[in-house]
Amino acid sequence: MKEFIGKCKTCGKELFCLEGFFNGVVNEDKTVSCFECMEQQNKISVNNEAE
């Protein structure tokens, strides 16, 4: 079963729950992000912390 959950707050990609598993990340502000955008955000924050 494929259920639409929302769109990524960064890139607008449609995110779905597939067979009971959400293929994205729910943010603290209750928005959703795709794995790709979340990974990019994590890389940026790690680089900023290292500086």
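Read-outs throughout are calculated quantities, based only on the coordinates presented, and are distinct from any laboratory measurement. None of these values were measured; they are calculated from a predicted model. Positions of Cβ are backbone-derived with ideal geometry, glycine not excepted, and every protein chain shown enters the neighbour counts.
Annotation for the chain: trypsin sites (Lys or Arg not before Pro) lying in DSSP loop with at most 10 further Cβ atoms inside 10 Å of their Cβ are Lys30.
The magnitude of the dipole of segment 7-51, with charges of +1 and -1 set on the Cβ of Lys/Arg and Asp/Glu and taken from the Cα centre, is near 180 debye.
Averaging the sequence gap over all C-alpha pairs within less than 8 Å and six or more residues apart, then dividing by the number of residues, gives the chain a relative contact order of 27 percent.
Taking Cα atoms only, the orientation of helix 35-50 departs from the longest principal axis of the chain by about 20 degrees.
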